[in-house]
Amino acid sequence: MAKLLIRANGPLAGTIPVHGAKNAVLPIMAASLLTDEPMTIEGVPQVKDVASMIQLFDHLGIKTRLSEDRLEMQRVRAGETTAPYELVSQMRASICVLGPLLARYHRAKVSMPGGCVIGPRPIDLHLKGLQALGAVTSIEHGYIVATTPQLRGCSVHLAGAFGSSVLATGNTLMAATLAEGVTFIEHAACEPEVVDLANCLIAMGAKIKGHGSPVIRVEGVEKLHGTRHHIIPDRIETGTLMIAAAIAGGEVRIQRACPEHLGAVIDKLIETGVSIEKSNGSICVRSNRKLQAVDLTTLPFPGFPTDLQAQMMALLSVAKGVSVLTERVYPERFMHISELNRMGASITREGASAIIKGVDRLSGAPVTAPDLRASAALMIAGMVADNQTELTGLEHLDRGYEHLEQKLTQLGADIRRVGL
Ligand code: EPU
């Protein structure tokens, strides 16, 4: 079994680049289903989720070629509109092929994504968007089946119980590009990954306005063409590296970053006592490890991202004072609390909040990552714990981070991967 052996090794120092955003590349790959022409995506991270999406694309008749961070895609077979369980169950993001398949072929059959350790992952907003565009949907034998004679422009309000939805906005947006007439998506997600998707669609010939705001206007066109698109930097990898530098201390410059995507994170880290310098395309974090407790709430963009909640909890575990961390996007996303407590943290859960009493030190222990972001949080905690931390469950880490442990080791951390 593969595991990481982590030991505290003093402050971090150096410069490190971030990869392209996992959560931008997956829907942008799905957008390539909207055209028969070749597509090239650059800045593609080498992560398991991209590999899983490539497998799905192979099944859907798209030939792919990945060399370093460039992915070339070209349709070689048309007409396959089913995304089967074996391929979809590995990755929730594959639901974003639903809108493009429906728009292109007027029919799509996509295996229902299952539950997930970070809490329930409903699909009602995906269906609402597509139904408003004129799709008839049903759930049959574990599959979402959507059909339509022709998608038509509409006004649709995509607010759910926990706010906007990133991938439901993406699905509706992609389907609307080939619908007849004008679509208004209200309460659209404003995340940078949605903006990147819209920019790629515009480069493919789509007519979109208002992306990045809660109301997106899409004027349907008959056809989209291929393009070359460079993916935005991964704000969650950037934030993870910033938090690692803050907790371990030292001075780290993160290159190819986009500070504008991380306003809430920068603000909170400064509140904990860390110094941050932003310049065009890079962020420098300086920390003397004297961290203060802060209260924070995760929210859709531009709020503090849920995908950095676990990593921030690891940091607050050793900050002076009591922090209250409230999760407003996935109120059940707290599986990492018990693992951090096994390392000596003092965290209790009250509904959708975690109360974190800062401790002087963490103690290394065998821990298992329950999900992707929790794996990074436990790695970061291990970097300031005494003795050795053994982290298993690396299949989660590898889904979304490209060689995170190597990057941290390059900055001075003591992390070794052993086993297979
Ligand atoms: N929701 C609904 N109905 C729906 C869809 C979502 O109620 O039909 C709810 C969810 O249960 C949640 C909230 O809306 O409470 C927001 O979920 P959202 O749909 O925005 O999540 P997503 O689009 O499925 C993406 C990222 C997640 C990230 C969230 C929130 C991808 C591939 N995934 O998921 O990333 O946490 O947005 O920012 O883009 C991760 O990278 O670790 C990860 C989980």
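The values are calculated or read from the model by the stated rules, or taken from the named source; none is laboratory data. Being a predicted model, the structure only gives us computed values, none of them experimental. So basically every Cβ, Gly included, is an ideal-geometry build from the backbone, and we count neighbours across all protein chains shown. Ligands, DNA and RNA are stripped out before the accessible areas are found, and what is left, the full protein with its side chains, is counted by its heavy atoms. Shrake-Rupley method; radii C 1.70, N 1.55, O 1.52, S 1.80 Å.
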In units of 2.2 N^0.38 Å, what is the alpha-carbon radius of gyration of region 124-169? 1.19
On the accessible surface of the chain, probed at 1.4 Å, how many percent belong to carbon and sulfur atoms? 50 percent
Let me make sure I get this right: for region 114-270, a, b and c are the square roots of the gyration tensor eigenvalues over alpha carbons, sorted descending. Under 1.5 in a/c it's rounded, otherwise prolate if a/b > b/c, else oblate. Which is it? prolate
Search the structure for amide H atoms under 5 Å from the amide H of residue 187, placed 1.01 Å from N in the peptide plane, and list their residues when 5 or more places away or on another chain. 158
Mind grabbing the base-10 log of I(q)/I(0) for region 22-230 at q = 0.08, 0.13, 0.16, 0.17 Å⁻¹? Debye formula, identical points on the C-alpha positions, no solvent, two decimal places. -0.22, -0.63, -1.00, -1.15
The long-range amide H neighbours of residue 413, using H built 1.01 Å from N in the peptide plane and a cut-off of under 5 Å, are none
Please give the helix 263-272 orientation as an angle from the longest Cα principal axis of the chain, in degrees from 0 to 90, rounded to the nearest 10. 10 degrees
Phi angles of region 333-348, converted by Karplus (6.51 cos²θ - 1.76 cosθ + 1.60, θ = phi - 60°) into ³J(HN,Hα) in whole Hz with x for Gly and Pro, give 7, 9, 5, 6, 4, 5, 5, 5, 5, 5, 8, x, 6, 10, 10, 10
Between helix 235-248 and the chain: long-axis angle, C-alpha atoms, 0 to 90°, nearest 10: 0 degrees
Hey, can you grab everything whose amide H is under 5 Å from the amide H of residue 291? Only 5+ residues off in sequence or another chain; H modelled, so Pro and N-termini drop out. 320
Can you return the aspartates and glutamates within cross-link range of residue 407? Criterion is Cα-Cα under 15 Å, with same-chain partners fewer than 8 residues away left out. 234, 237, 251, 398
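Give me the percent relative contact order of region 22-230, please, defined on Cα pairs under 8 angstrom at least 6 residues apart.
Values: 461 pairs, mean separation 42.9, N = 209.
After rounding, I find 21 percent.
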Most fluctuating of 67, 32, 323 in the GNM of the chain (C-alpha, under 10 Å) is 67
The answer for the per residue Cα convex hull volume of region 1-127, in Å³, is 155 Å³
Size of the chain as Cα extents on the principal axes (Å, biggest first): 63, 44, 41
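Among the GluC sites (Glu not before Pro) in region 1-94, which ones are in a DSSP loop with at most 10 other Cβ atoms within 10 Å of the Cβ? Mind listing them? Don't jump to the answer; show the numbers that get you there.
Numbers: sites: 42, 68, 72, 80, 86; in loops: 68, 80.
Those that pass, being in a loop and sparsely packed, are 68.
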Listed residues 111, 138, 52; largest mean-square fluctuation, Gaussian network over the chain with Cα springs below 10 Å, found at 138
Degrees separating the helix 22-31 axis from the principal Cα axis of the chain, which is the longest one: 10 degrees
Could you provide, to the nearest whole Å², the per residue accessible area of the chain with probe 1.4 Å? 38 Å²
Among the lysines, which fall within straight-line cross-link reach of residue 128, defined as a Cα-Cα distance under 29 Å, with same-chain neighbours fewer than 8 residues apart omitted? 22, 109, 207, 209, 223
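Suppose we keep just the DSSP beta bridges with both residues in the chain; what percent of those would be antiparallel, to 5? Write out the running numbers ahead of the final one.
Working: 60 of 86 bridges.
So the antiparallel bridges in the chain amount to around 70 percent.
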Centre separation in Å (Cα based) which lies between region 338-379 and region 275-289: 25 Å
Using a Gaussian network for the chain with springs between C-alpha atoms less than 10 Å apart, which of these wobbles most: 286, 77, 235? 77
Vicinal HN-Hα couplings computed from phi for region 196-208 (Karplus, 6.51 cos²θ - 1.76 cosθ + 1.60; Hz; Gly/Pro x): 5, 4, 4, 5, 5, 4, 4, 5, 8, x, 6, 10, 10
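From the helices alone, meaning DSSP H stretches of at least four residues, give me the mean residue ellipticity at 222 nm for the chain, per-run term -39500 (n - 2.57), in deg cm²/dmol to the nearest 500.
On the way: 14 runs with 131 residues, N = 420.
Calculated from helices alone, the mean residue ellipticity at 222 nm is -9000 deg cm²/dmol.
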